[in-house]
Amino acid sequence: MVKLFEGGAYLLNGTQLIADGVNACEEVKSKTGKAISKEEAAKNTMAYSILSNHNTSGNDDKLKIKFDAMASHDITYVGIVQTARASGLEKFPMPYVLTNCHNSLCAVGGTINEDDHLFGLSCAKRYGGIYVPAHQAVIHQYMREMMSGVGKMILGSDSHTRYGALGTMAVGEGGPELVKQLLNKTYDIDRPEVICVYLTGKVAPYVGPQDVALAIIGAVFDNGYVKNKVMEFVGDGISALSTDYRNGIDVMTTETTCLSSVWRTDDETKNWYAVHGRLDDFKYQQPGDIAYYDGVVYVDLSKIKPMIAMPFHPSNIYTIDDLNANLMDILDEVEKKGAKQLDNDTVTFSLKDKVVNGKLMVEQGVIAGCAGGTYENICDARDILKNHSIGADEFALSVYPSSQPVFLSLVENGAIADIMVAGATVRSAFCGPCFGAGDVPANNCLSIRHSTRNFPNREGSKITNGQIASVALMDARSIAATAVNKGVLTAASDADFELTRPTYHFSKDVYENRCYFGYDKADESVPLRFGPNITDWPTMVPLTNDLVLKVVSVITDPVTTTDELIPSGETSSYRSNPLKLAEFALSRKDPAYVGKAKEVQKGEKAREEGSRPEAEVKELEAVYSAIKSKFPEFKEMETGIGSTIYAVKPGDGSAREQAASCQKVLGGWANIAGEYATKRYRSNLINWGMLPFLLDEEIPFENGDYIYIPNVKDAVVKGAKEFTAYVVKNGSLNEFTLKMGDLTEDERKIITDGCLINYYRS
């Protein structure tokens, strides 16, 4: 099904792979008549070409990227614009799309969601942006339909910013990286490795894009095979896949932790651009005759079966057939793994109690968002549902077309009517089911979803309130088959249906009649519309040369998601208010965190105001006394005081910057980690002036311990890779070593200035 090469490989003429090895160069020469080095062949990937065309540094290895366009939605664009305004924003220097697909229901927090939307529209008018009102499209479908282009690069403040199937390299990052682009700065990275994803064979008619995506995620997530790399899709198997199908696979590459993705283009891609009236944005794109890749993910599409990702991660995969054949054993395994991951005594995670007469019963199905809500997915689901009923019992099915143009075409071809008659409900474009703000299941329920993630709490339940629900990811076709079986888990391979695949008709009028297109039409006379929840960032001080940090949370889970660092769901309504949002930090993982961090922060606030910190935080007296016994020159009034957390591997999942900024607002000055799950989370820490420390030894401290790090600012400025630190405990100092990966010159300055806003002000 999916095989990984142990090393790199050459790709000849886009069709033949030669694994790297002792005789690889000779074999390449014998087959092509050309002698070429690995380094030269690596320049023949599509990714290398696109990155080079957008690089402004003049250095092939140290890239400074300028993007062609950007996108944000309504839980990120307020903070981005506010940060950019504080840093000197005058107008948007590139097409910047502000969509309203996350807080679009306006159902939480009084007026504040719609206040954000009016703020976004006023920003588009004042600074020259593109504004997509609520319910018009989910962010990534709009960008596919209107902004993608072969060879382009797009940056989005959402982790699922992926348009590779359309020949576009897209990157999802935290808000500060978009701020940099708005201020005519660059996206600075080392040239990433490129992994060949070779698709061959032909999928069965009952196998959908989510099945292929989950199979790939299951093969590469745990081993980090593609982490922070670019996945480049090639192979003969692509030709038989529609563009919608390719998009469905591509958007899920985010769950592999790769940096970006790109696909070869063909006549099918050309037709897609033609249908959307943007043929000028198409060109044929493929690797050079001899291209070298740093690894290969080899996928035989003919062997893919309907898949399910069980709670609580998209990589926790099984075939539906295997699950049904070994139901109690697999459910027992999933329960044990899930209980360990939840690590919470207030709830009991159970699935075996959902087995009735030897069948797994599901209470809810959802087909939605950038992954599930595409035209072809919904048409295929209709073909399965037509002339059936989902029943009048617990099982419910909701379908969300990904944009109004998609919705319109589904209305015109009759799909919506057939789906509604079957008993499913059809909603407007909305990302809510993907992050816990829509279709929240009842307590102890299991939901099957064609969406992007199934992390704990991601469906909207609150474990700390005694609520537990869970999500399994599946393809729309198998969800529809399950619906026909009244909630009995069923693979699409067991359904009786015939695909009709009606032709898609895109209506651009839907957008032209409702969206605001203001790029290059900035009008500084337009006032910004502020609601009472929209607040400025609090003042953040520069890094002091010495730091005293209190460890206020220790998380030993193998992976910590951004949903656990800052929950999604209803908290999204407060993302325009840094102080209010910070109250939710780690609330579903470590509820004591906020109180502990705020207590430490009292000492730092006192120091900044010229008062003695130990007068506010009494335990600092003993800490300072211990430090002075070894460092008599220690000056408490010149030493920053803050909090830090430890996590084994933090930052998997969402790109949202608030996972870091909330810690900063509460006085956080660092993270300590075994490794960072994604580049984007580490970048978020840096951009908010937080030190991204690494610890590759046993944890020498406990929750509640203080850590003293002398000369940390000097070390950052000098580009140090190691930092001497001390655990302050029981009157003594125990030395240990913290490490840090490479930082660019700008990143070092951002950290020492205290945050990105301070950096631009200075």
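Okay, here's what the table says:
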| item | result |
| --- | --- |
| Hits among lysines - C-alpha to C-alpha of residue 721 under 18 Å, sequence gap 8 or more where chains match | 679, 713, 739, 749 |
| Helical contribution to [θ] at 222 nm, DSSP H n ≥ 4, -39,500 (n - 2.57), averaged over the chain, rounded to 500 | -8500 deg cm²/dmol |
| Antiparallel %, DSSP beta bridges [both residues in the stretch 307-509], to 5 | 35 |
| With Cα atoms, 0 to 90° folded angle of helix 77-86 axis to the chain main axis | 40 |
| Highest average packing first - 731-742, 703-714, 644-655, Cβ atoms within 10 Å | 644-655, 703-714, 731-742 |
| Angle between the chain longest axis and helix 112-127 axis [Cα atoms, degrees, rounded to 10] | 90 |
| For residue 447, distant residues with modelled amide H under 5 Å away | 470, 471, 472 |
| For the stretch 67-188, Kirkwood radius (reciprocal of mean inverse C-alpha pair distance, Å) | 14.3 |
| Rg(Cα) / (2.2 N^0.38 Å) computed for the stretch 459-522, rounded to two decimals | 1.94 |
| FRET efficiency, 1/(1 + (r/R0)^6) with R0 25 Å, evaluated for residue 526 and residue 86 via beta carbons | 0.85 |
| Local net charge near residue 710, Cβ-Cβ under 15 Å (Lys/Arg +1, Asp/Glu -1) | -2 |
| Across 91/664; 336/462; 340/550; 64/521; 43/125, pairs whose alpha-carbon gap is larger than 31 Å | 43/125 |
| Alpha-carbon centroids, the stretch 722-752 and the stretch 393-470: separation in whole Å | 45 |
| Among beta bridges that DSSP assigns inside the stretch 546-761, antiparallel share in %, nearest 5 | 45 |
| Debye log10 I(q)/I(0) for the stretch 546-761, one point scatterer per Cα, at q = 0.11, 0.13, 0.14 Å⁻¹ | -0.48, -0.69, -0.81 |
| Sites residue 271 and residue 302, calculated FRET efficiency, Cβ-Cβ separation with R0 25 Å, nearest 0.05 | 0.55 |
| Relative contact order [Cα under 8 Å, 6+ residues apart], the chain, whole percent | 14 |
| Size-normalised alpha-carbon gyration radius of the stretch 348-454, reference 2.2 N^0.38 Å | 1.10 |
| Per principal axis, descending, Cα span of the stretch 250-296 in whole Å | 35, 29, 14 |
| Percent breakdown of C-alpha pair distances by 5 Å bin, ordered from the shortest bin, for the stretch 556-662 | 2, 11, 19, 18, 15, 12, 12, 8, 2, 1 |
| For the stretch 373-512: Kirkwood Rh in Å [reciprocal of mean 1/r, alpha carbons] | 15.6 |
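Read-outs: derived from the displayed coordinates by stated rules, not from any lab. The model shown is predicted, which means the values in this text are computed figures rather than measured ones. All Cβ positions, glycine included, derive from the backbone under ideal geometry; neighbour counts span all protein chains shown.
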